[in-house]
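What follows is one structure encoded as C-alpha cells, with my remarks underneath.
What follows is calculated from the coordinates using simple rules that are stated; it is not laboratory data. Predicted model only: the values in this text are computed from it and were never measured.
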C-alpha cells in the first residue's frame, strides 16, 4: 500500500542541513527497507507548513508497526519535529472504493444524525 508521510524539521535539523549538506534519501530508504517497505520518493519543501514529504510502498500487515516505529525512532533523533503518515490510493484504484461507498449509501449503511 502506498503511504505519504510529511512533516516538519526542527531548527536543529535545519542547522545540520546547512552545516553538512547531504542527500538523506539513502538513509530514509534504509529505514523504510528495515520496516519491510520501499522508498518511492523523497522530497524537501521548506514552504513553512511542511519541510518534507516521502512516498513509500509498505506491506499492509506492517502499517501499525511502521507508524509507531516511525514516530518514535524518527522523532527521537531530534531533527524531526512532527511526522504524519496517511494512506494514498492511485486514482484508478479508487474507483472500486467509490463504488463500494455508492452501494453502501444506497443501502443506507450510514445515516447522518438528525438535528432536533
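At-a-glance table
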| read-out | value |
| --- | --- |
| Cα-based helix-to-principal-axis angle, 91-106 vs the chain, degrees rounded to 10 | 40 |
| GNM result for the chain, Cα springs below 10 Å: residue of 64, 101, 25 fluctuating most strongly | 101 |
| Cα pair count fraction exceeding 15 Å, expressed as % - the range 42-99 | 62 |
| Structure-based [θ]222 nm, the chain - -39500 (n - 2.57) summed over DSSP H runs of at least 4, per residue, nearest 500 | -11000 deg cm²/dmol |
| Degrees separating the helix 25-34 axis from the principal Cα axis of the chain, which is the longest one | 60 |
| Mean separation of Cα contacts under 8 Å, 6 or more apart, over the residue count of the chain: relative contact order % | 38 |
| Kirkwood-based shape ratio for the range 2-89, expressed as Rg/Rh from alpha carbons | 0.95 |
